[in-house]
Amino acid sequence: MRIDPEGAPAELLPRLARRGDWPVPLFATVLAEASAPRVSEGFAALCRELPATALVRLLPLASIVDAGRVEPVVAALLDRADEPEVLAAALRQVRSPALLDAVRRAARHASWSVRVQAAAALGRVGEPADRELLAGLLRDPEWWVRYRAAQALAARPYGSSQDVLALAEASGDRFARDIVRQALAEVRP
């Protein structure tokens, strides 16, 4: 990497895709020292070649790749993938409001692992219109989904703390009320 930061991504990225035993997050740290445009180009090229299940393994590289290269890959995974693991991994990478329609669909997915990541994504890129969707997730049977929905409501512009708490109170669900109180307590300074 230090000898040839321009050429290293072309050498390492294809090997990383083939080697399931290589830790991708560690290589993301190593590749961060390489030429950023070369890493982005190599990532985009690999994404065109790999099936969705193999591509999911490389998604931790998104942290060092140009966002303009990552967003279309994530959008394609969200639109075409059926496997909960693939959808959940793609939702972890959502950083753009342009993907909100796919995130909203995922919030209604049958698998709780997808719903939990959709709630977290709404916490990062959601809009005030998503408040009711998150309120519905507060009543999800899975605790993690409720927790991430409460965190999203507490962290995004979904209203004041009192508004968010009133939303949970209106649900008539004591678990929703309790999880919102917990999330609000976590964000208070």
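Which three extents, in angstrom, do the Cα atoms of region 26-77 have along their principal axes, listed largest first?
Largest to smallest, the principal-axis extents are 27, 21, 16 Å.
Once you charge only the Cβ atoms, +1 for Lys and Arg and -1 for Asp and Glu, what is the size of the charge dipole of region 28-162 about its Cα centre, to the nearest 20 debye?
300 debye
Need the C-alpha centroid separation for region 130-155 versus region 80-115, integer Å.
Value for the Cα centre distance between the two parts: 15 Å.
Just grab the label-to-label distance for Trp144 and Gln182, each label 7 Å out from Cα along the Cβ direction, in nm (one decimal).
Result: 1.4 nm between the two label points.
For a quick size check, give me the Cα extents of region 28-127 along its three principal axes, largest first, whole Å.
Over region 28-127, Cα extents along the principal axes are 39, 28, 20 Å.
What is the Rg over Rh value, at two decimals, for region 111-155, using alpha-carbon atoms and the Kirkwood definition of Rh?
Result: Rg/Rh = 0.91.
Sorting check: for 115-121, 45-51, which peptide has the highest mean count of neighbouring beta carbons within 10 Å, and how do the rest follow?
Result, highest mean first: 115-121, 45-51.
Kindly give the semi-axes, whole Å and largest first, of the ellipsoid equivalent to the chain, taking each as the square root of 5 times a Cα gyration tensor eigenvalue.
36, 16, 13
Taking Cα pairs under 8 Å and at least six residues apart, what relative contact order does the chain come out at, in percent?
It comes to 13 percent, rounded to a whole number.
Can you compute the helix-only [θ] at 222 nm over the chain? Use -39500 (n - 2.57) per DSSP H run of at least 4 residues, normalise by all residues, nearest 500 deg cm²/dmol.
So the helix-based figure for the chain works out to -20500 deg cm²/dmol.
Along the charge dipole of region 40-99, pointing to its positive end and built from +1/-1 on Cβ of Lys, Arg, Asp and Glu, which listed residue (Leu55, Leu91, Val65) has its Cα farthest out?
Farthest towards the positive end: Val65.
Please give the peptides 9-20, 146-157, 99-110 ranked by average Cβ packing (other Cβ atoms within 10 Å per residue), highest first, as a rough proxy for protection.
146-157, 99-110, 9-20
When the chain is fully extended, how far beyond the present Cα-Cα distance does Asp79 get from Ala54, taking 0.36 nm per residue of separation?
Gain on stretching Asp79 to Ala54: 7.3 nm.
Read-outs: derived from the displayed coordinates by stated rules, not from any lab. Small disclaimer: the values here were computed from a predicted structure and weren't measured. Cβ coordinates were reconstructed from backbone atoms using ideal geometry, including for glycine residues, and neighbour counts include every protein chain displayed.
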